[in-house]
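**Student:** Got a structure for you, written out below as structure tokens; questions coming shortly.
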């Protein structure tokens, strides 16, 4: 545990940021799972709606530095492929 006042404050603010970032990443993962479920159930309209939401959340996570851009591109590509394969 730090002794300096500013270092103590930094520990507290880092904990708050960590929780906030975890929520954002969890929200992104949930959106990805929702697209996969809709694609598995062959509901194209619902899958496309969920895909738009997931893409927005993925892009926000990249912009905030929570996810690497290549992982985001890979996830978006897989989701698009899954939705486009629905007949």
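Throughout, read-outs are computed from the coordinates displayed, never taken from laboratory work. It should be emphasised that the depicted structure is a prediction, and the values quoted were computed from it without experimental measurement. Neighbour counts are summed over all protein chains in view; Cβ atoms, including those assigned to glycine, are modelled from backbone coordinates with ideal geometry.
**Student:** For the range 63-75, name all the residues that are in contact with a helix residue (DSSP H, G or I) (Cβ under 7 Å, 6 or more places away or on another chain) and either more than 15 Å from residue 27 (Cα to Cα) or exposed (fewer than 12 other Cβ atoms within 10 Å of the Cβ) (or both).
**Tutor:** 69
**Student:** Every residue in the range 12-40 that is closer than 14 Å to residue 66 by Cα and more than 8 Å from the chain's Cα centre (by Cα), please.
**Tutor:** 17, 18, 19, 20, 21, 22, 23
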